[in-house]
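Reading through the structure tokens given below for one structure.
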Amino acid sequence: MESPITKLRATEKMLEETRNELARTREELHNAKKRIEEVTANRRSGYVGKNITLPDYVLKEAQIITEIQELLADEIKAQLSKGACTREVAQLVESLAKLK
């Protein structure tokens with residue numbers, strides 16, 4: 001026959017495991033909610049549609065990459081004009097700077 005202390009410890013252990021599982025479930029739920037919000041926002045912005053085709057997706061991704069490259073090129077030019085980076089650093093990213 002188990003002693004009351006042994007039963008209590010087993011119950012405490014089970015309670016702790018349940019708390020941990022609940023915490024994991026809450027985190028998964030929170031992450032799922034965030035992902036739903038992201039998908040909803042992307043769908044509203046026209047980035048993701050129900051019937052999106054591969055060419056449409058590739059075109060949208062290319063546009064985003066081009067915008068990033070232009071911003072980077074502008075920043076490189078600005079930093080170079082301020083003397084904040086050396087010519088050697090600018091030459092390392094010269095191909096990006098020529099994009100604009």
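Among the residues making up region 46-73, a single one is among the aromatic types (F, W, Y) and either open to solvent by 80 Å² or more (accessible area, probe 1.4 Å) or at pLDDT 85 or above (or both): Y57. Among the residues of region 35-45, those identified as open to solvent by 60 Å² or more (accessible area, probe 1.4 Å) and at pLDDT below 80 are R43, R44, S45.
The values are calculated or read from the model by the stated rules, or taken from the named source; none is laboratory data. Just so it is clear, the model here is predicted, and its values are computed rather than measured. Please note that ligands, DNA and RNA were not included when accessible areas were found on the heavy atoms of the full protein model with its side chains. Shrake-Rupley method; radii C 1.70, N 1.55, O 1.52, S 1.80 Å.
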